[in-house]
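Trainee: Structure incoming, see below.
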Amino acid sequence: MAITIQTIEAGDREWVRAFLWQQAGNTRMVSRGRLHQCNELPGFIGSLDGQRAGLVTVRLDGRDCEVVTLYTAVHGQGLGSALLAAAADYARQHGCRRAWLITTNDNEPAIRFYANRGWRLTAVHKGALAQSRLIKPEIPLLGLNGIPIEDELEFELGLQKGD
């Protein structure tokens, strides 16, 4: 399958909004106490054989780049890896020293995915979801496999030589 990655343009915003609703049930995400309106963030759309099937959004903060969302409608085809690489390239192009992201303690598939692509677990923010639910009350109490969603796990990809 042919993978193509394109920058999100103004005309893509409705697709981005609809895709986020389809994949995440919302366009708003919280990480480290900050609410993101993800359909308004910069990022990339991934396609398989010309069909849009994935999305990554990012946020620059000084010399750091946060990967805010990463979703694919198909798995095991390399699309998520290509989108994550595009986000890392975006960070490098903007002079960032690191790219980072948050996932929750229940998201075992994502934890494996990031670790297998060279991202390091750098912090566990215990109990962070209690604060996140004050900002976004619709965050469920239970996640994948019935695991209570309580902690934020922070992953990082060093972008400087030697990281």
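A short reminder: the numbers here are calculations on the coordinates, not readings from a lab. Just so it is clear, the structure is predicted and the values come from calculations on it, not from any experiment. Every residue, glycine among them, receives a Cβ derived from its backbone with ideal geometry; neighbour counts consider all protein chains shown.
Trainee: Sum up the charges of everything whose Cβ sits under 13 Å from the Cβ of residue 15, counting Lys and Arg as +1 and Asp and Glu as -1, but leave residue 15 out.
Mentor: Charge balance in the 13 Å sphere: 0.
Trainee: Right, here's the next one. Under 11 Å from the Cβ of residue 6, count the other residues' Cβ atoms, weight Lys and Arg +1, Asp and Glu -1, and hand me the total.
Mentor: On the way: positive: 52; negative: 9, 12.
Spelling it out: positives minus negatives among the neighbours equals -1.
Trainee: How much mean residue ellipticity at 222 nm does the chain get from its helices, if each DSSP H run of length 4 or more adds -39500 (n - 2.57) and you divide by all residues, to the nearest 500 deg cm²/dmol?
Mentor: -8000 deg cm²/dmol
Trainee: Would you work out if the chain is rounded, prolate or oblate? Take a ≥ b ≥ c from the square roots of the eigenvalues of the alpha-carbon gyration tensor; rounded if a/c is under 1.5, else prolate when a/b is larger than b/c, oblate otherwise.
Mentor: Rounded shape, in that the Cα axes give a/c under 1.5.
Trainee: Tally Lys/Arg at +1 and Asp/Glu at -1 over every other residue whose Cβ is under 15 Å from the Cβ of residue 24; what's the total?
Mentor: Here the count lands on 0.
Trainee: Output the relative contact order of the chain, whole-number percent, from Cα pairs under 8 angstrom with separation of 6+ residues.
Mentor: On the way: 304 pairs, mean separation 34.2, N = 163.
The value is 21 percent.
Trainee: If you place +1 on the Cβ of every Lys and Arg, -1 on the Cβ of every Asp and Glu, and leave all else neutral, what size is the dipole of the range 3-158 about its Cα centre, to the nearest 20 Debye?
Mentor: 260
Trainee: Still on this model: Applying the Karplus parametrisation 6.51 cos²θ - 1.76 cosθ + 1.60 with θ = phi - 60° to the phi angles of the range 20-27, what ³J(HN,Hα) value in whole Hz is obtained for each residue in order, glycine and proline being reported as x?
Mentor: 4, 5, 5, 8, 10, x, 5, 9
Trainee: Oh, and also: May I ask which residue of 146, 101, 88 lies farthest towards the positive end of the charge dipole of the range 80-159, with charges of +1 (Lys, Arg) and -1 (Asp, Glu) on Cβ and the Cα centre as origin?
Mentor: With unit charges placed on the Cβ atoms, the residue in question is 88.
Trainee: Using θ = phi - 60° and the Karplus relation 6.51 cos²θ - 1.76 cosθ + 1.60, list the HN-Hα couplings for the range 56-64 in order, rounded to whole Hz, with x at every Gly or Pro.
Mentor: Computed from phi, the couplings for the range 56-64 are 10, 10, 9, 9, 8, 9, x, 9, 10 Hz.
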